[in-house]
Structure formats: C-alpha cells, structure tokens
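Colleague: To start, I am sharing the structure in question, which I have written as structure tokens.
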Amino acid sequence: MAVAEALAATHPVEIVSVDSALVYRGLDIGTAKPDAADRARVPHHLIDIIEPSQSYSAARFVADANRLIGEIAERGHLPLLVGGTMLYFRALFEGLDAMPAADRAVRAALAAQAARDGDHALYEELQRVDPVSAARLPPGDRQRIQRALEVWRVSGRPLSEYHSAKPARRPHAPLISLEPADRGWLHARIEARFRRMLADGLVREVRELRRRGDLSADLPSMRSVGYRQTWEALDAGALETLAERGIAATRQLAKRQLTWLRSMPERQIIACDAPDATARAVAAVRAAIDSQNGAA
C-alpha cells in the first residue's frame, strides 16, 4: 500500500488485488483487508466481490484481471497488480489448460479413502503421482490434495502439468518481488501480524462467520490461512494454542510463496526489510513507466 500511495502522488493508480482471500466479503481482520480510507485514497479491485459460501478460481481471476487491466488503461490510469496468490500470477502470465470437470464418483471415493486410511495416505499417493503439486501443498490441505488426486484419476495427468503446460506470455510491465534478505525479520513480522489480528478480533470474526449457518470448514474461504486455524481451534476448544498454530501456518505460506517466486527468474527483487524498500519499488515502477512512454 505504501508503494501505491507513493506512486499515486505522480500517477493515477488503481490496484488489482491478486489475493485469493480478499475476494470474500466478511473476511476482513484475518486478511488485513484495506479499509475504506485506503480504498478512498487509491481505488482497489477484486475485493469483496463474492460471499464466503462461494468459490473463486484462477481461471475467473484471469478473466477478471484482464478485463480490469483494459478498463483501467482506457481511463488513462496505471493498473498495479498487488498480492501474494502466486497461482493467480502464474495463470495470468502463462495461462492454464482447461481443467477436468469435477467427478462426483471419484471425489466420493477419495473422501471414503481419507476416512478409512487418513489424510496422510492421500498425501503419500500425491507424492508418488504428482510430486510437484505435493511439494507446494501442505500435508494437511485436504481439499487441494483431493482435488489434485481427482485430476490425476480423471485425466491421467498430474495437476502440475495444467499449471505449466502453456508457453509463457510474460507481461511487459516489471514484476517486482519484495523478498526479505533476513528470514528472521520475516518471521518476526509474521508473528507480530498474526498477534495483531488476534488482538483486533479474529476469533470474534470467525465466530460471526460460523453463526451464518451456510459455511463449513471445507470451503475455500474458510481454508484460508488464519481462518482455518481459528475454525479448528474453536471446534477443539483450543484457543490457547491458536497463536502458535496460526503463526506456523503463515510461515509455511510465506515459504511456499518464496518457492513460487524463485520460479520467476525475470522478477526484480527488492529487499523488503531494507529501509529504502518503498523508495526502490517506486523507482522501479516509475522507470518502467518512463521506458514505455519513451518507446510509445
């Protein structure tokens, strides 16, 4: 947000959120959602667009993002894509093959297998048939592990092939990656952020979501980091361990994000723990804008 506000001082900027949790209405504290004042200063898109009982896909993101980028450019504004859902970036840059349709019989068989043998058995199977997908999924992510196995059983192709089969069509704009030089700095920030969410009322927010009556722990919205751990802690009556589990899950997410980023060698890395990180990111975007204007 600091980068966007600095750019807005000299360029009309609009943010396109690249975050799979910010799309949901009612998920505010656990997503650190920009407040009304932030959105008044800089327009934001793809925030609060669906109910948490609904699903949002990478394919839908690509369609929405491409439409918004065109509309923002037509207004003479600068579209700034900001977020950490790396699958969405990959889908936008490289495209995705059409995914196999859901198969109820296969899905039911996987659910029965998990109930009989445990989630670990499904994860071990995924490691055998699709090690790339297994490496990027935590062993406890039941929903995505079962979906990856469903794709394998229906199509005979690993899910990872659908995420990488199309030739790259990288954007002309710079891909700026804010990565910490000091991993300890990142871990401290993650802990402080999650404890602040708890202090701001994350547990209360999840309790209110549970009272809706149309949500369950298996929905993609409730499997977002922070929400999943809070839901499980409420089920188990184990709120005393929530901070520890939420911080650990967030650290795992950050590790997976960095792994995704390392697969994008064209990115421009800026150390986010450097005191001049914001200034350097702004300078990189402005240089790209000037370069494009000069080439036009």
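The values are calculated or read from the model by the stated rules, or taken from the named source; none is laboratory data. Because the structure is predicted, anything quoted here is derived from the model rather than measured. Counting neighbours? That spans all protein chains shown, and the Cβs are built from the backbone with ideal geometry, glycine included.
Here's the yes/no breakdown for (1) at pLDDT 95 or above; (2) among the β-branched types (Val, Ile, Thr); (3) in contact with a strand residue (DSSP E or B) (Cβ under 7 Å, 6 or more places away or on another chain); (4) closer than 15 Å to residue 159 by Cα:
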| position | (1), (2), (3), (4) |
| --- | --- |
| 37 | no, no, no, no |
| 46 | yes, no, yes, no |
| 75 | yes, no, no, no |
| 86 | no, no, no, no |
| 91 | no, no, no, yes |
| 98 | no, no, no, yes |
| 111 | no, no, no, no |
| 131 | no, no, no, yes |
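Colleague: I would also like to ask the following. For the structure I just gave you, tell me whether residue 14 is closer than 25 Å to residue 272 by Cβ and exposed (fewer than 15 other Cβ atoms within 10 Å of the Cβ). Walk me through how you get there before you give the answer.
Modeller: On the way: closer than 25 Å to residue 272 by Cβ: yes; exposed (fewer than 15 other Cβ atoms within 10 Å of the Cβ): no.
Spelling it out, it is not the case that residue 14 is closer than 25 Å to residue 272 by Cβ and exposed (fewer than 15 other Cβ atoms within 10 Å of the Cβ).
Colleague: When the residues of the range 1-33 are filtered to those that are part of a strand (DSSP E or B) and touching a helix residue (DSSP H, G or I) at 6+ places or on another chain (Cβ under 6 Å), which remaining residue is farthest from residue 88 (Cα to Cα)? Spell out the reasoning first.
Modeller: Here is the first cut: in the range 1-33, the residues part of a strand (DSSP E or B) are 13-17, 24.
Now narrow it down to the ones that are touching a helix residue (DSSP H, G or I) at 6+ places or on another chain (Cβ under 6 Å): 13-16, 24.
On the way: 13: 21, 14: 18, 15: 15, 16: 12, 24: 16 Å.
Only one residue fits best here, namely 13.
Colleague: Continuing with the same structure: Report yes if residue 280 is modelled with pLDDT under 95, in the same structural domain as residue 32 (by TED's automatic domain parsing) and either surrounded by fewer than 17 Cβ atoms within 10 Å (Cβ to Cβ) or among the charged types (D, E, K, R) (or both), otherwise no.
Modeller: It is true that residue 280 is modelled with pLDDT under 95, in the same structural domain as residue 32 (by TED's automatic domain parsing) and either surrounded by fewer than 17 Cβ atoms within 10 Å (Cβ to Cβ) or among the charged types (D, E, K, R) (or both).
Residues are listed down the side, and each one gets a yes or a no for (1) assigned by TED's automatic domain parsing to the domain that holds residue 258; (2) more than 19 Å from residue 56 (Cα to Cα); (3) not hydroxyl-bearing (Ser, Thr, Tyr):
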residue	(1), (2), (3)
71	yes, yes, yes
89	yes, no, yes
112	no, yes, yes
131	no, yes, yes
136	no, yes, yes
142	no, no, yes
150	no, no, yes
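Colleague: Run residue 57 past the list (1) surrounded by 18 or more Cβ atoms within 10 Å (Cβ to Cβ); (2) out of contact with any helix residue (DSSP H, G or I) (no Cβ under 6 Å at 6 or more places or on another chain) and report the number of the one that doesn't hold.
Modeller: The single condition residue 57 does not satisfy is (1).
Colleague: Here are 124, 150: which of them is in contact with a Leu (Cβ under 7 Å, 6 or more places away or on another chain), modelled with pLDDT of 90 or more and either more than 23 Å from residue 261 (Cβ to Cβ) or polar (S, T, N, Q) (or both)?
Modeller: Exactly one of 124, 150 is in contact with a Leu (Cβ under 7 Å, 6 or more places away or on another chain), modelled with pLDDT of 90 or more and either more than 23 Å from residue 261 (Cβ to Cβ) or polar (S, T, N, Q) (or both), namely 150.
Colleague: Something else: Where the second residue is among the β-branched types (Val, Ile, Thr) and the first is in a helix (DSSP H, G or I) and lies in the range 141-156, which pairs have Cβ atoms under 8 Å and are six or more apart or on separate chains?
Modeller: Here the result reads 149/129; 150/106; 152/129; 153/106; 154/106, each pair linking the range 141-156 to a residue that is among the β-branched types (Val, Ile, Thr).
Colleague: Could you tell me how many of the residues in the range 8-60 are closer than 25 Å to residue 96 by Cα, in contact with an Asp or Glu (Cβ under 8 Å, 6 or more places away or on another chain) and of a type in the set (Lys, Arg)?
Modeller: Total meeting the criteria: 0.
Colleague: Being touching a residue at least 24 places away in the same chain (Cβ under 8 Å), in the same structural domain as residue 176 (by TED's automatic domain parsing) and exposed (fewer than 15 other Cβ atoms within 10 Å of the Cβ) narrows it down to one of 67, 41, so name that one.
Modeller: Only one candidate passes the filter, namely 41.
Colleague: Looking only at helices (runs of 4 or more DSSP H) that lie completely in the range 186-296, which have at least 3 residues being farther than 20 Å from residue 141 by Cβ and either touching a residue at least 40 places away in the same chain (Cβ under 8 Å) or among the β-branched types (Val, Ile, Thr) (or both)?
Modeller: Fully inside the range 186-296 and qualifying: 202-211, 277-295.
Colleague: Only one of 208, 240, 232, 244 is within 20 Å of residue 146 (Cα to Cα), charged (D, E, K, R) and at pLDDT 95 or above; which?
Modeller: Among 208, 240, 232, 244, only 232 is within 20 Å of residue 146 (Cα to Cα), charged (D, E, K, R) and at pLDDT 95 or above.
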